[in-house]
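**Student:** Structure provided below as C-alpha cells; questions to follow.
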Amino acid sequence: MASASESYCGVCEAQDVVKAAAFWCPECNEGICTSCEKHHRASRGTRKHEITSMDDYKQIPPIIASINQYCSEHDKKYQLYCSQHEQLCCPLCITTNHKKCDLKCDLLAIDEVVKTARNSALFEIMEQNLKEMKNNIDRIVEDRRQNLEIIKQQRQGFQKDIKEMRAKINIHLDKLEQEIQQDLQAAEQKVMSQINRFVQKVSDHEKTIDELQNNIALTKLFATDLQTFFGGKIFEAKIQEEEKFMTSLIEDSGLQQIHLQYKLDNKMSDILSMTKIGEISVTTKPSTISMTTDREKQAQKRIPTISKTINDINLTLLKQFEISKGENGIGITGCTIMPSGKIIFVDQSNDRLVIHNDNGIFVCAIPVSHRPIDVTCIDENTVAVTHNAEPYYIEIINIVNRKTVRQIKTSNQCYGITNEKGRLLYYERGRGIQTQDVNSGSTVTTVVKVDEGVWNYVATSNDRIYHTINNTNSVTCYTVTGQKVWEYKDVSFVDSVHGVTVDNDSNVFVVSY
C-alpha cells in the first residue's frame, strides 16, 4: 500500500527533514506528520482537505488508493464527472475530450456526485450480491464434493457386482434370459394398456373443451346481451370443472412417470440353482410435468427476443373495460399488473384498491388508508401503496386476505413507487427518491436528493431510474447511484406529466394528466 516515501512527511522532506507521517492527505497526495497536520488544518488552502490516519490509509485496497485526485494527463485537480463517458474530468479535459458533452446534463460537479457515495444503495446491492454469490459457491462446492463421494461408492459397488457376475455365468443364462424377456413383454403390455386408458379419458375431456370453445364463439356472435352475460357465468363454471380435472391429473397420480425396473436376483450368487435371472417390477416417480397456465404462457410471450426501438412499436388496443366506480365516483392515480395478469388500480376518490382480472372482469375492491397515490407489486399476493395524507406511511397489503401486513413510516407525502429486485424505490416530497428493503425494513437511503413538489412518479429498468417531475413537465434518467444521465422536456408532447414505465427494450412511456 504505502511506499517508503509515503511513510514520511512530505512537507518535512521538502525541507530536508525526515519525519514519520502520522496522516495522509489524498488531495495533496502525501503524508503529514503530527506537527504539520495542525498547520494543514489551519491553512486556508488545505483546511477543507479530508485527511486520514496512516493506519486507516494502509487499510484501503491498493486499487482504490491508486485513484488520484489529480488528472494524470493534465496534472489538474478533478472538478467534474462526465456521466456520459463515466470519467472524472479536470478543466482541461472538458476542453479537449468532452467538448460535445452537455454542461447541464452530462458534466456534474464532483462535490455533488460524491455526497451520497458512501451511503449509496449501490454498495448495499453489491455487498448483498457478493454475499449471495459466496453462499452459492459454498453450496456448489459441497454438493460437488458429495457427488464425487457417491460416484466413488457407486464405482466400487459396480466393480464388485461385475466380478461376482463374471464368475457365475454359464449356459443356464439362455433359458433364464428367455423367461425374463417374456416377463418384460408382459409388463410392457400391462403398462401400455394402463396408459392408453388414461389417454382415452383425457381425450374425452378434450372433446368437452372443443364443445365449450364452439359454444362460447356462437354465444358471442348470436346471443343477446342478457344471454351472453348469464352464459358467461355458466361457461365459467364449466371451465372451472375442466380446470379441476386438469389439476386432479397430478393429484390422483395419473401423470406420474411409469418406469420398468429391473432388480438383480439375489440367487445370482449361486447361478446353478437359479430359477430366473431377475425380477421385473413397475415403479412410479413424481411427475416431471410442470402445469403452466395460459396466463403464464402469455406472460412468457411478452418477453421480446429482438430489441426494438420506439420506431418499431405500433400500439394496438387489446381490450377496453369500465373500472368499477365507488360512492364518490372514481379517481385513478396509479396502477400495477401482477404476475397472474390481475390489474390493481388505486382509486383515491374512494380510498381503495380496485382489482380486475386480465380479461377486464371486476374481482374485488380493497379499502386502504386515506388518499392513496400509487401501487407496486411485491409478489403475487402482496402490494405496496403510497399515500399523501397524514400520518405518512407506505402500506403493505395482502390482496388475498385484504389486510394490511405492515406500515413503513415516511417523513412526508409519498407519490410514485416501484419494486426493484426486492427494494422499494419511491418519491418522497422534500427528500427526493428514497429506497429501502421491502422485507427487512432496513434504513432508508436517499438515491436522488431532489425537492420538486408533488405528483412525481418513478420507474426502473436495467440499472436506470426514471423520474417524472410534474412541476417542470420533465422526465429525468439517473443511474442507480443517483447520477443524472439525461433529462427530457417538451411541453408540446409532455404537459403535467404523471405516470412512467419502461419496456424491455428501455423505451420510456409517460402519461400526461
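The values are calculated or read from the model by the stated rules, or taken from the named source; none is laboratory data. What you see is a predicted model, and the numbers here were worked out from it, not measured in a lab. Heads up, the Cβs are rebuilt from the backbone with ideal geometry, glycines too, and the neighbour counts pull from every protein chain shown. When the accessible area is computed, the model is the full protein with side chains, heavy atoms only, and any ligands, DNA or RNA have been set aside. Shrake-Rupley method; radii C 1.70, N 1.55, O 1.52, S 1.80 Å.
**Student:** Checking understanding here: applying a Kyte-Doolittle mean of at least 1.0 and a length along the axis of at least 27 Å (C-alpha), which whole DSSP H helices in the chain pass? Display every interim value, and only then the final one.
**Tutor:** On the way: long enough: 121-168 (70 Å, -1.15); 172-222 (75 Å, -0.73); 225-251 (38 Å, -0.25).
For the chain, where a helix must reach 27 Å along its axis and average at least 1.0, there are no hits.
**Student:** If you don't mind, there's one more thing I want to ask. Translational D (Stokes-Einstein, µm²/s) of region 338-473 at 10 °C and 1.306 mPa s when Rh comes from the Kirkwood sum over C-alpha pairs?
**Tutor:** Numbers: Rh = 15.1 Å.
Using the Kirkwood radius from Cα pairs, D works out to 105 µm²/s.
**Student:** Any idea what the dipole of the chain comes to, in debye rounded to 20, about its Cα centre with Lys/Arg Cβ at +1 and Asp/Glu Cβ at -1?
**Tutor:** 540
**Student:** In whole percent, how big is the carbon plus sulfur part of the accessible area of the chain, probe 1.4 Å, protein atoms only?
**Tutor:** On the way: 17300 of 33640 Å².
For the chain, the apolar C and S fraction of the accessible surface comes to 51 percent.
**Student:** Sticking with this structure for a sec: In nm, give the distance between the simple-model label positions of N328 and E164, each being 7 Å from the Cα along the Cα-to-Cβ direction.
**Tutor:** 8.1
**Student:** Between S512 and L92, what FRET efficiency comes out of the Förster formula 1/(1 + (r/R0)^6) with R0 = 35 Å and r the beta carbon distance, rounded to 0.05? List each step's numbers first, then the result.
**Tutor:** Values: r = 43 Å, r/R0 = 1.23.
Working from the Cβ atoms, E equals 0.20.
**Student:** Please find the FRET efficiency linking Q128 to I67, where r is the Cβ-Cβ separation and R0 is fixed at 22 Å, and quote it to the nearest 0.05. Spell out each step's value before the answer.
**Tutor:** Working: r = 24 Å, r/R0 = 1.09.
FRET efficiency, Q128 to I67: 0.35.
**Student:** Among the aspartates and glutamates, select those whose C-alpha is under 14 Å from the C-alpha of K19, and discard any that sit fewer than 8 residues away in the same chain.
**Tutor:** Filter leaves E6, E30, E37.
**Student:** Let me ask another. Check which residues have an amide H placed less than 5 Å from D374's amide H, if you skip close sequence neighbours.
**Tutor:** Residues meeting the amide H criterion: T386.
**Student:** Before anything else, pin down the relative contact order of the chain: Cα pairs under 8 Å, at least 6 apart, normalised by residue count, whole percent.
**Tutor:** Relative contact order, the chain: 7 percent.
**Student:** Heavy atoms of the protein only, probe of 1.4 Å, neighbouring chains included. What is the accessible area of K319 in Å², nearest 10?
**Tutor:** We get 100 Å² for K319.
**Student:** With a/c under 1.5 counting as rounded, go ahead and sort the chain into rounded, prolate or oblate using the C-alpha gyration tensor (a ≥ b ≥ c being the square roots of the eigenvalues; past the cut-off, prolate if a/b is larger than b/c, else oblate). Mind showing how you got there, number by number?
**Tutor:** Values: a/c = 3.08, a/b = 1.38, b/c = 2.24.
Oblate is the answer for the chain, as a/c is 1.5 or above yet b/c matches or exceeds a/b.
**Student:** Kindly provide the trypsin sites (Lys or Arg not before Pro) of region 66-100 that DSSP labels as loop, not H, G, I, E or B, and whose Cβ sees at most 12 other Cβ atoms within 10 Å. Working shown, then result.
**Tutor:** Values: sites: K76, K77, K99, K100; in loops: K76, K99, K100.
Passing both the DSSP loop test and the Cβ count: K99, K100.
**Student:** Sorted by average packing, counted as other Cβ atoms within 10 angstrom per residue and highest first, what order do 452-464, 331-343, 46-58 take? Write down the numbers at each step before the final one.
**Tutor:** Numbers: 452-464: 18.6, 331-343: 16.8, 46-58: 13.4.
Answer by packing, highest mean first, reads 452-464, 331-343, 46-58.
**Student:** Right, next: Solvent-accessible area per residue for the chain at a 1.4 Å probe radius, Å²? Before the final figure, lay out the partial values.
**Tutor:** Values: 33640 Å² over 513 residues.
Heavy-atom SASA per residue in the chain reads 66 Å².
**Student:** Among the listed pairs K220/K319; K77/K99; K134/K484, which have their C-alpha atoms separated by more than 21 angstrom in this model? If you can, show how the numbers build up before the last one.
**Tutor:** Numbers: K220/K319 15 Å; K77/K99 18 Å; K134/K484 32 Å.
Too far apart for the 21 Å limit: K134/K484.
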